[in-house]
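Worksheet for the structure shown next.
The values are calculated or read from the model by the stated rules, or taken from the named source; none is laboratory data. Source: prediction; values computed, not measured. Cβ: placed from backbone, ideal geometry, glycine included. Neighbour counts: every protein chain shown. For the accessible areas, the whole protein counts, side chains as well, though only heavy atoms, and no ligand, DNA or RNA atoms are used. Shrake-Rupley method; radii C 1.70, N 1.55, O 1.52, S 1.80 Å.
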Amino acid sequence: CPPRVRAAVASLAPGVSAPWIAQAASKGTRVFGDVGWDDTGAWDLAGLPDLRHCEAFLPNAEEAMRYTGADCPRAAAHALTEYVPLAVVTLGADGAYAVDRRTGETAEVPAIAVEALDPTGAGDVFVAGFVAGTLADWPLADRLAFAGLTAALSVQEFGGSLSAPGWSEIAAWWREVQSVEGQSAVALERYGFLADLVSEELVRPWPLRRAVPTIGFRRSA
């Protein structure tokens, strides 16, 4: 029996039902469904029985199009709202697109261009960022922007959980991008909501020195 929590992330698998998801949803937990590649090749939403207990579904563009038969990820997001109240489709280098069936709101936010070192865990970080923004009742576009930012920061480091950014990394990034000469005013405005979230006390020099995993790294001969 799962503990009473405000939100949970569920990894949905074709043909598999996890009883805890329905139990958690019945107690008021807001469930955010993630999904992996369908190795069965069926790509049938009916094969994801726990999707009906989810508040949001967050597939990538290819997964969304295969599950819905849509010819573009944005159309796929709209089609998914027949099954779940909130559909969020990640578009890789193009950012993310979301549709909220309950409000009719849509939002699209471009990705932040970064030099990626290791994409491990970036999808999980994106979901976590989106969940955080949802629990804080941010506008849909701000939630997408925050999720994309946390994922962009994570791929610049090695490892999975070790690369997930905290508020100090977010604060340092926000101060750094504001100091870049010729920075786009439109781009800065998109992330302006961070000004009320991060404290100067959190800011550290950029780039930050982060812990790195040592397993799998060997000194070269």
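Mind checking whether some residue in segment 124-142 is among the hydroxyl-bearing types (Ser, Thr, Tyr) and in contact (Cβ under 8 Å) with a residue 60 or more places away in the chain? Yes.
Mind checking which residues of segment 152-198 are part of a loop (DSSP other than H, G, I, E, B), over 17 Å from Ala111 (Cβ atoms) and open to solvent by 50 Å² or more (accessible area, probe 1.4 Å)? If the condition is that a residue be part of a loop (DSSP other than H, G, I, E, B), over 17 Å from Ala111 (Cβ atoms) and open to solvent by 50 Å² or more (accessible area, probe 1.4 Å), then Phe158, Val180, Glu181, Gly182, Leu197 are the ones that fit.
Condition check: closer than 24 Å to Glu176 by Cα, open to solvent by 30 Å² or more (accessible area, probe 1.4 Å), out of contact with any helix residue (DSSP H, G or I) (no Cβ under 7 Å at 6 or more places or on another chain) and in the same structural domain as Leu188 (by the TED database). Does Ala116 satisfy that? So that I can check it myself, show each step before the final result.
Values: closer than 24 Å to Glu176 by Cα: yes; open to solvent by 30 Å² or more (accessible area, probe 1.4 Å): yes; out of contact with any helix residue (DSSP H, G or I) (no Cβ under 7 Å at 6 or more places or on another chain): yes; in the same structural domain as Leu188 (by the TED database): yes.
Considered against the rule, which asks whether it is closer than 24 Å to Glu176 by Cα, open to solvent by 30 Å² or more (accessible area, probe 1.4 Å), out of contact with any helix residue (DSSP H, G or I) (no Cβ under 7 Å at 6 or more places or on another chain) and in the same structural domain as Leu188 (by the TED database), Ala116 comes out as yes.
Does Gly33 satisfy being closer than 30 Å to Ile170 by Cβ and either open to solvent by less than 20 Å² (accessible area, probe 1.4 Å) or modelled with pLDDT of 95 or more (or both)?
Taking the combined requirement at face value, the residue satisfies it.
Close Cβ contacts (under 7 Å, 6 or more residues apart or on different chains) running from residues in segment 48-75 that are outside the structural domain of Ala10 (by the TED database) and closer than 21 Å to Ala122 by Cα to residues that are of a type outside the set (D, E, K, R) and part of a strand (DSSP E or B) are absent.
Can we say Ala93 is more than 15 Å from the chain's Cα centre (by Cα) and at pLDDT below 95?
No: the conditions fail for Ala93.
Take Ser11 and decide whether it is among the hydroxyl-bearing types (Ser, Thr, Tyr), out of contact with any Ser or Thr (no Cβ under 7 Å at 6 or more places or on another chain), over 18 Å from Ala132 (Cα atoms) and surrounded by 12 or more Cβ atoms within 10 Å (Cβ to Cβ). Taking the combined requirement at face value, the residue does not satisfy it. Filtered by the rule that a residue be part of a helix (DSSP H, G or I) and open to solvent by 20 Å² or more (accessible area, probe 1.4 Å), segment 74-94 gives Arg74, Ala75, His78, Ala79, Gly92, Ala93, Asp94.
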